[in-house]
Amino acid sequence: MAAIGEIWKHRNGDGIFIEHRASDICIQAVSRIRALFEPPALAPIAIGGAAPGDLHVLSTLATSIVLESEGFRAVNLGPDTPIHSFMTAVQVHQPLFVWVSISMVHSARSLSSQLGKLAADLQQLGVRLAMGGTAVDQIKPTADSDVFVGTTMIELIAFAKGLALSRGDIEVVQNPPSTT
Ligand code: B12
């Protein structure tokens, strides 16, 4: 997708068509793969979405499928999610943590302040905030807020599993002894 996002710079006319078409193909593929995972009944819950004003769909969709493939129940609120909707979803689903994907920032100062407030409100409920995405480095959470900032899905899974283990929501699965 990063490479496809460069095409419009070099080719007249069809670059944006290709980007929109590629986005839809990926959204369809990822959604179908997501339907293959059935999280365990008592799976720890994570909720998330893209930041307000951020219309990118795949970042948060990809986050949800990776979490589900690792045994979490992921509630994806999709693109352009208002901050207050994250809090409403927290009250409904009582998750272990909330993720926010950030691919596009309109005002870094305003979004940093909104996310700082979200982190503080979540902290009072014992829920962690995790942020990532191509524009996350523009966001400066307040120094005392307990926010996990990651770059890759591998980092997110390490954070999520560490949190779930520390709360006793999942158990460490020992590999069976080798028979050879
Ligand atoms: C497709 C695309 C679009 C499509 C989106 C279609 C759709 N339905 O989703 C459209 C055409 C609508 C679009 C619009 C715009 N876009 Co755009 N877009 C892209 C593009 C090409 C691919 C994004 C994508 O889907 N990637 C696939 C996903 C899976 O990857 P990802 O988002 O990087 O996510 C990975 C990691 O970041 C991380 N991650 C993501 N979320 C999280 C969360 C956590 C907690 C963690 C730990 C990790 C994590 O893990 C993911 C998997 O590896 C990128 C190019 C790029 N280099 O990223 C530009 C890009 C994101 N867009 C950009 C821009 C500027 C725009 C526009 C302003 C363009 C314009 N002038 O109109 C608008 C803004 C619209 C808005 N208000 O949001 C810039 C953003 C620059 C920035 N970072 O500030 C980029 C980077 C292009 C560029 N090089 O300039 N875009």
(request) Report the label-to-label distance for THR152 and SER69 in nanometres (one decimal), using points 7 Å from each Cα along the Cα→Cβ vector. (result) 1.4
(message) Projecting each Cα onto the charge dipole of the chain (Lys/Arg +1, Asp/Glu -1 at the beta carbon, about the Cα centre), which of THR60, ILE45, PRO82 comes out farthest on the positive side?
(response) PRO82
(message) With the cut-off at 1.5 for a/c, could you classify the chain from its C-alpha gyration tensor as rounded, prolate or oblate?
(response) oblate
(message) Give me the 1.4 Å probe accessible area per residue for region 39-166, excluding ligands and nucleic acids, in Å².
(response) 46
(request) Mind telling me which of GLN114, GLN123, GLN91 comes out most flexible in a GNM of the chain, alpha-carbon contacts under 10 Å? (result) GLN91
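So what's region 1-82 giving for Cα Rg divided by 2.2 N^0.38 Å, two decimals?
1.28
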(request) With +1 on each Lys and Arg Cβ and -1 on each Asp and Glu Cβ, and nothing else charged, work out how big the dipole of region 1-102 is about its Cα centre, in Debye to the nearest 20. (result) 60
(request) Can you send over the carbon and sulfur percentage of the accessible area for region 17-59, probe radius 1.4 Å, protein chains only? (result) 68
(message) From Cα pairs below 8 angstrom and at least 6 apart in sequence, can you work out the relative contact order of region 1-140, rounded to a whole percent?
(response) 22
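The values are calculated or read from the model by the stated rules, or taken from the named source; none is laboratory data. Values in this document were obtained by computation on a predicted structure and should not be read as measured data. Cβ: placed from backbone, ideal geometry, glycine included. Neighbour counts: every protein chain shown. Quick note on the areas: whole protein, heavy atoms, side chains included, nothing else; ligands and nucleic acids left out. Shrake-Rupley method; radii C 1.70, N 1.55, O 1.52, S 1.80 Å.
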